[in-house]
Amino acid sequence: MPDTPCETPSLRLEREGQIGFVIISNPARMNAFTAGMWGQVPEVIAEAEADPDIRVIVLRGAGEKAFSAGADISEFENARSGASAAAYDALNDNAFLALSGCSKPTISMIHGFCMGGGLAVALCTDIRLADEAAQFAIPAAKLGLGYNARWMRPLLAAVPPARAKEMLFTGRRFKVAEAHAMGLVNTVVSADGLAETTRTLAAEIAANAPMTVRTAKRTIDELTRNPQTPDIATLDAMVDACFKSEDYAEGRLAFMQKRKPQFKGR
């Protein structure tokens with residue numbers, strides 16, 4: 001899918017069948033997030049959530065060099081220092097909450113650099129695919145930044161605490177093989193095969209019953225984020241709704257008729 005030229009740093013949603021591609025576009029700065037782009041994240045995710053035709057959301061960087069090099073450090077002197085720092089952190093928080101709270105399955109398609117805030121974004125998605133040139137880092141210690149505790153949970157959901165400490169303490173770049181071994185990414189493929197592999201995975205998920213997929217996502221997130229006090233009543237209601245759905249009837253019928261089911265999400 002060719003990228004639409006866009007000089008102004010932005011996020012945009014592009015639809016491809018049942019897949020919604022969220023494009024992180026700031027090529028001049030390796031797709032680094034400006035404050036304006038952070039503010040766009042909840043809007044774009046809400047747009048994808050509201051579209052009944054979109055069943056899977058894929059995040060990717062414009063071009064082939066970077067998923068995202070993180071936050072645009074050139075803004076930090078004014079936007080992330082003194083009294084303005086809290087407002088900037090609020091933009092980050094809202095962006096991460098929109099991604100991690102999205103009810104539809106999300107995939108990060110990672111070309112090249114995935115650093116700092118870019119890695120935080122990827123960690124808020126359900127599945128991460130990366131090419132062989134991908135590199136990962138959280139360079140907060142090299143900038144003197146405090147890494148917000150609210151952003152640590154997605155990292156700790158992906159990697160063991162000792163690995164998270166290594167990433168934060170050193171701020172160094174991890175090549176994709178090491179990132180894969182520690183759990184930062186699900187799958188590593190060639191640069192030429194990344195787009196096709198991502199589409200294939202997204203299409204496989206999109207073909208399944210949407211209510212079942214959303215219930216599984218919500219259940220896993222609830223049990224991992226709130227292990228002591230999970231909202232079992234809500235999870236039970238979602239499971240019950242699946243059994244009462246038209247899709248469950250279609251799934252049974254398709255199985256008996258030895259054909260692929262055509263799920264409607266209701």
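The values are calculated or read from the model by the stated rules, or taken from the named source; none is laboratory data. Quantities reported herein were computed from a predicted structural model and do not represent experimental measurements. When we count neighbours, we look across all protein chains shown, and the Cβ atoms used for this are built from the backbone with ideal geometry, even at glycine. These area figures cover heavy atoms from the full protein model, side chains too; ligands, DNA and RNA do not enter into them. Shrake-Rupley method; radii C 1.70, N 1.55, O 1.52, S 1.80 Å.
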| Extended-chain gain in nm, criterion 0.36 nm per residue less alpha-carbon gap, Glu49 and Lys65 | 3.0 nm
| query | In nanometres, what is the gap between the two model label sites at Val239 and Thr187, each 7 Å from Cα along Cα-to-Cβ? | reply | 2.8
| message | On a full-extension model of 0.36 nm per residue, what is the gain between Lys175 and Phe255, subtracting their alpha-carbon distance, rounded to one decimal in nm? | response | 24.4 nm
| Three-way shape label, region 128-251, alpha-carbon gyration tensor, a/c 1.5 | oblate
| note | In the chain the accessible area split gives carbon plus sulfur, as whole percent at 1.4 Å, a share of 57
| 3J(HN,Hα) from dihedral phi, region 85-94, Karplus parametrisation 6.51/-1.76/1.60, rounded to Hz, x for glycine, proline | 4, 5, 5, 5, 4, 5, 4, 4, 4, 5
| message | Please report the antiparallel percentage of DSSP beta bridges with both residues in region 1-159, rounded to the nearest 5. | response | 30
| query | Using a Förster distance of 25 Å, how high is the FRET efficiency between Asn94 and Glu132, based on the Cβ-Cβ distance and rounded to 0.05? | reply | 0.15
| Hey, what do the phi angles of region 15-25 turn into as Karplus ³J(HN,Hα) couplings, whole Hz, using 6.51/-1.76/1.60 and θ = phi - 60°, x for Gly and Pro? | 9, 9, x, 8, 10, x, 8, 9, 9, 8, 10
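Taking a probe of 1.4 Å, how large is the accessible area per residue of the chain, in Å²? Please list the in-between numbers first.
Numbers: 13220 Å² over 266 residues.
Here the per-residue accessible area is 50 Å².
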| field | Gain in span if fully extended, Asp231 to Glu166, counting 0.36 nm per residue against the direct Cα distance | value | 20.1 nm
| query | Any idea how far apart Ile73 and Lys142 come out in nm if each label point goes 7 Å out from Cα toward Cβ? | reply | 0.7
| note | From the cross-link list Lys244/Lys264; Lys104/Lys175; Lys165/Lys217; Lys104/Lys258, the entries with a Cα-Cα span beyond 22 Å are Lys104/Lys175; Lys165/Lys217; Lys104/Lys258
| With the contact rule set at Cα under 8 Å and sequence spacing of 6 or more, what percent relative contact order holds for region 85-144? | 35
| task | Run the numbers on the chain and let me know its relative contact order in percent, using alpha-carbon pairs under 8 Å that are six or more apart. | result | 15
| note | Each label sits 7 Å from Cα toward the beta-carbon; between Met152 and Ser10 the label points are separated, in nm, by 3.8
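Kindly provide the trypsin sites (Lys or Arg not before Pro) of region 1-75 that DSSP labels as loop, not H, G, I, E or B, and whose Cβ sees at most 13 other Cβ atoms within 10 Å. It would help to have the intermediate numbers written out before the result.
Numbers: sites: Arg12, Arg15, Arg29, Arg55, Arg60, Lys65; in loops: Arg55, Lys65.
Nothing satisfies the criteria.
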| query | If you add up the charges near Lys264, with Lys and Arg at +1 and Asp and Glu at -1, over every other residue whose beta carbon is less than 13 angstrom from its beta carbon, what do you get? | reply | -2
